[in-house]
């Protein structure tokens with residue numbers, strides 16, 4: 001697998017978040033079967049939004065490390081913890097996907113976040129994947145759990161997945177036009193032969209050209225994952241919150 005990610009805050013601190021959580025087998029540290037990718041966005045801006053997202057990140061990691069790795073169960077428990085500890089400072093949208101690199105499946109949930117973009121090498125087409133779900137922090141009970149549905153994707157080598165925040169699709173140019181999801185999908189399809197790192201760079205370059213001299217008004221988070229097993233092993237863990245990130249990772253499966 002190839003993973004490339006970047007985060008650019010619109011201010012000194014931001015409310016976007018992404019995380020990569022790896023399940024390392026001590027007996028096979030150079031192989032990685034499971035990993036989970038998350039992208040989140042807290043409502044609001046500034047220090048309060050950044051602090052709330054940091055709390056959410058801490059809850060996610062604590063639960064994951066305790067063995068809660070199923071995406072639906074993970075986000076349900078995050079929501080429950082926020083309500084039980086009265087930590088709801090704002091609602092949070094999040095997309096969470098767990099990859100099984102042996103079975104070549106992705107289990108995806110979406111708590112009110114923007115959809116996943118998926119390029120399928122099998123049909124050479126772009127797909128928008130958006131299982132149902134509402135934002136974390138909007139409902140404490142059964143409604144959140146009921147609406148949060150899992151969608152499973154069976155992928156092939158060469159498939160590409162993109163998770164992102166609204167800072168990407170809602171970036172505006174001088175004519176007040178938005179970058180939009182269609183432009184993002186077109187970039188991915190046209191550059192499908194690129195590595196994940198080169199794909200990320202192409203998207204960032206297109207964003208810069210599109211926006212021009214207009215100020216950045218929202219955090220920009222982008223996560224590109226490409227199914228390609230013929231690669232070396234990565235650093236076993238990576239996350240980023242409230243920082244500038246421009247990173248690519250590779251690992252064998």
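Could you work out the helix-only [θ] at 222 nm for the chain, with each DSSP H run of four or more residues adding -39,500 (n - 2.57) and the total divided by the number of residues, to the nearest 500 deg cm²/dmol? Before the final figure, lay out each step's value.
Values: 6 runs with 70 residues, N = 253.
My calculation for the chain gives -8500 deg cm²/dmol from helical runs alone.
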Q. Computed over the Cα atoms of the chain, what is the ratio Rg over Rh, Rh following Kirkwood?
A. 0.95
Q. Would you list 55, 110, 214, 190 from fewest to most Cβ contacts within 10 Å?
A. 190, 214, 55, 110
Q | Cα gyration tensor category, rounded, prolate or oblate, for segment 86-186 with a/c compared to 1.5 | A | oblate
**Q.** Net length gained if the chain between residue 122 and residue 138 were fully extended (0.36 nm per residue, minus Cα distance)
**A.** 2.0 nm
Q: Starting with the fewest neighbours, write out 60, 92 ranked by other beta-carbon atoms found within 10 Å of each beta-carbon.
A: 60, 92
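Quick one: 122, 183, 98, fewest Cβ neighbours within 10 Å first, how do they rank? Mind showing how you got there, number by number?
Details: 122 10, 183 17, 98 23.
Taking fewest neighbouring Cβ atoms as first place, the list is 122, 183, 98.
Any idea what the relative contact order of segment 59-180 is, in percent, if you count C-alpha pairs under 8 Å spaced at least 6 apart?
On the way: 210 pairs, mean separation 28.5, N = 122.
Once divided by the residue count of segment 59-180, the mean separation gives 23 percent.
Taken together, the values in this text are just the output of simple stated rules run on the coordinates, not laboratory data. Quick caveat, the model's predicted, so the values are computed rather than measured. Here the Cβ is made from the backbone with ideal geometry for all residues, glycine too, and neighbour counts use every protein chain on show.
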